[in-house]
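Notes follow once the structure below has been shown.
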Amino acid sequence: MKPAQTPEIVAATPDNVSRAVQRLRSGELIGLPTETVYGLAADASDATAVARIFAAKGRPADHPLIVHVTSADAAKAWAAEWPDAAAKLAAAFWPGPMTLIVKRASHVLDAVTGGQDTVGLRVPSHPAAQSLLREFAGDGSAPAGVAAPSANQFGQVSPTTAQHVAEEFPQQALLVLDGGASEVGVESTIVDVSGPQPRVLRPGRVRTGDIERVLGAPLGSATGDVPRVSGALASHYAPRTQTLMLAEPRLRMQLRAFRNAKAAQPMRCVITHSFDAEPMERLRTIRLAADAQTWEYELYALLRQLDQERYGTLIVETPPETPEWDAVNDRLRRATHGSSLDEA
């Protein structure tokens, strides 16, 4: 009887990084730690390997991937143009949690770009990712990059540990490098520099104000004709459990309604930042520190944990509407898209 295929989690030692590089060169997928979230990685120049990413994730074919490279110089090999804005942002924020959207070079696969004339490029700062990319690039004589969207089923919560990756792909013989819990915890900031005015297409740890200070000019609006990018669908990053987001006054009203309900209630969980929700029967309460970086670091892991505990509904207090919280608000709006109190 053929043994079942299951993921293999290994420490990100030099020997195991070399194993992962060999798998990439053989057209296989690996689980790759980065400082943002874990990626499902393949050789970005191998059309068959890239197709395996889409098949494994159930990802729409027109949804572009981000190519991870060793440095800004390596990134230029994937770009038809390298504007001044790209040079400034790369110098300030790479390696780090920022993706730049630029005009693609002619060799970049349509499958990577979703058929667009742009490509997303990133230089991750995680030491394991850096080691793998350097070894994968070899002598640098040819463009070398790794396509690595988040290592989860499409639309679900992104993984921030190696174990999360294994749980997402339990029947795949996937080598997963264990680089510890992701330091940032949400996906990279995506900045489009392919047009006349840079604009943020997905918020992340690198804040808008920091980007504008580096550029010395205000960012443009992310409206109208913008490139398709990872994580930009209305519904994304969603737990399997129904999840709602309520502002503090409405959340307090809802908690009172739960307390006064006569009929038996399903088990629910409430996550707050501005107040301690009073415990009650059939309700679990969690308060996270009112700090955006804490929420970025803890949110995905917490949503995954609560998913496994099978609550009827998760209710999250709406974060502050300030630039520091843009990434958390973005992820929660997409995670709760289409949910309503009527369904709770």
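All of the numbers you see were taken from the coordinates with simple rules; none came from a lab. All figures in this text were calculated on a predicted structure; none of them were measured in a lab. Here the Cβ is made from the backbone with ideal geometry for all residues, glycine too, and neighbour counts use every protein chain on show.
Averaging sequence separations of C-alpha pairs under 8 Å and six or more residues apart, then dividing by the length of the stretch 136-176, give the relative contact order as a whole percent. Mind showing how you got there, number by number?
Working: 22 pairs, mean separation 10.2, N = 41.
Over the stretch 136-176, the number comes to 25 percent.
Quick check on the exposure proxy: order Met245, Met98, Met253 from fewest to most C-beta atoms within 10 angstrom. Could the numbers behind the result be given before it?
On the way: Met245 20, Met98 25, Met253 11.
Final ranking by Cβ density, sparse to dense: Met253, Met245, Met98.
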Quiz item: Under Stokes-Einstein, with the Kirkwood radius over Cα pairs standing in for Rh, what whole-number D in µm²/s applies to the stretch 67-196 at 4 °C and 1.567 mPa s?
Solution: 83 µm²/s
Self-check item: Amide proton proximity set for Leu244, modelled H, under 5 Å, gap of 5+
Solution: Leu314, Ile315, Val316
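For the stretch 224-302, state which GluC sites (Glu not before Pro) are in a DSSP loop and have at most 14 other beta carbons lying within 10 Å of their beta carbon.
Details: sites: Glu281, Glu296, Glu298; in loops: Glu281.
In loop regions of the stretch 224-302 (DSSP not H, G, I, E or B), the sparsely surrounded GluC sites (Glu not before Pro) are Glu281.
Mind sorting Asp117, Asp192 by how few other Cβ atoms lie within 10 Å of their own Cβ, fewest first? Don't skip to the end; give the middle numbers.
Values: Asp117 11, Asp192 24.
Going from least to most buried by this count: Asp117, Asp192.
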Practice problem: Return the single residue from Glu321, Glu81, Glu35 with maximal mean-square fluctuation; model: Gaussian network over the chain, springs between Cα atoms under 10 Å. | Solution: Glu321
Quiz item: When Rg is the radius of gyration of the Cα atoms in the stretch 129-210 and Rh is its Kirkwood radius, what does Rg/Rh come to?
Solution: 1.02
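By how many nm would the segment from Ala181 to Ala290 grow when fully extended, if each residue of separation counts as 0.36 nm and the alpha-carbon distance is taken off?
Result for the pair: 37.2 nm of gain on full extension.
What fraction of the DSSP beta bridges in the stretch 243-343 is antiparallel, stated in percent and rounded to the nearest 5? Don't jump to the answer; show the numbers that get you there.
On the way: 1 of 14 bridges.
Approximately 5 percent, going by the DSSP bridge assignments.
Given the chain, what count of lysine pairs have C-alpha atoms under 25 Å apart, with each pair 8 or more places apart or on different chains?
Pairs that pass both the separation and distance tests number 4.
Can you give the FRET efficiency to the nearest 0.05 for Met253 and Glu8, using r as the Cβ-Cβ distance and R₀ = 41 Å? Write down the numbers at each step before the final one.
On the way: r = 49 Å, r/R0 = 1.19.
Efficiency, rounded to the nearest 0.05: 0.25.
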Practice problem: Determine ³J(HN,Hα), in whole Hz, for all residues of the stretch 290-300 in sequence, where each value follows from phi through the Karplus function 6.51 cos²θ - 1.76 cosθ + 1.60 and θ = phi - 60°; x replaces Gly and Pro. | Solution: 7, 9, 4, 5, 4, 5, 4, 5, 9, 4, 5
Quiz item: Expressed as an acute angle from 0 to 90° and rounded to the nearest 10, what is the orientation of the C-alpha long axis of helix 248-260 relative to the principal long axis of the chain?
Solution: 50 degrees
Exercise. On a 0 to 90° scale, report how tilted helix 84-93 is relative to the longest principal axis of the chain, with both axes built from alpha carbons and the result rounded to the nearest 10.
Key: 60 degrees
Quiz prompt | Selected from Thr189, Thr223, Thr70 as most flexible by GNM, with the chain as the system and alpha-carbon contacts under 10 Å | solution = Thr223
Quiz item: Per 5 Å bin, what percent of the C-alpha pairs of the stretch 234-332 does each bin hold, from zero upward?
Solution: 2, 12, 25, 26, 20, 10, 4, 1, 0
Quiz item: Which residue, Lys76, Lys88, Lys57, tops the fluctuation ranking in a GNM of the chain built on C-alpha contacts under 10 Å?
Solution: Lys88
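From Cα pairs below 8 angstrom and at least 6 apart in sequence, can you work out the relative contact order of the stretch 215-344, rounded to a whole percent? Walk me through the numbers before you get to the answer.
Values: 154 pairs, mean separation 49.9, N = 130.
Taking the mean separation of contacting Cα pairs over the length of the stretch 215-344, I get 38 percent.
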Self-check item: Per-residue HN-Hα couplings for the stretch 33-38 [Karplus 6.51, -1.76, 1.60; θ = phi - 60°; Hz; x = Gly/Pro]
Solution: x, 10, 6, 8, 9, 7
Quiz item: Picking from Ile271, Thr113, Ala61, whose Cα lies most toward the positive end of the charge dipole for the chain (charges on Cβ: Lys, Arg +1; Asp, Glu -1)?
Solution: Ile271
Self-check item: At R0 = 22 Å, FRET efficiency that the Cβ-Cβ distance of Gln308 and Gln153 yields, to 0.05
Solution: 0.90
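Are there any trypsin sites (Lys or Arg not before Pro) in the stretch 224-294 that are in a DSSP loop and have at most 15 other Cβ atoms within 10 Å? List them by number. Numbers along the way, then the final one.
Values: sites: Arg228, Arg240, Arg250, Arg252, Arg256, Arg259, Lys262, Arg268, Arg282, Arg284, Arg287; in loops: Arg228, Arg240, Lys262, Arg282.
Passing sites in the stretch 224-294 are Arg240, Lys262, Arg282.
What FRET efficiency, computed as 1/(1 + (r/R0)^6) with R0 = 51 Å and r the Cβ-Cβ distance, is obtained for Thr322 and Gln22, rounded to the nearest 0.05?
On the way: r = 46 Å, r/R0 = 0.90.
Computed FRET efficiency for Thr322 and Gln22 comes out at 0.65.
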Quiz item: What 222 nm value per residue comes from the helices of the chain, counting each DSSP H run with n ≥ 4 as -39,500 (n - 2.57) and dividing by all residues, nearest 500 deg cm²/dmol?
Solution: -9000 deg cm²/dmol
Quiz prompt | Cα→Cβ-extended label distance, 7 Å offset, between Asp110 and Glu281, nm | solution = 6.2 nm
Self-check item: Other-chain or far-sequence residues with amide H under 5 Å of Gln156's (modelled H)
Solution: Tyr237, Ala238
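How high is the relative contact order of the chain, given as a whole-number percent (alpha carbon pairs under 8 Å, six or more residues apart)?
Taking the mean separation of contacting Cα pairs over the length of the chain, I get 20 percent.
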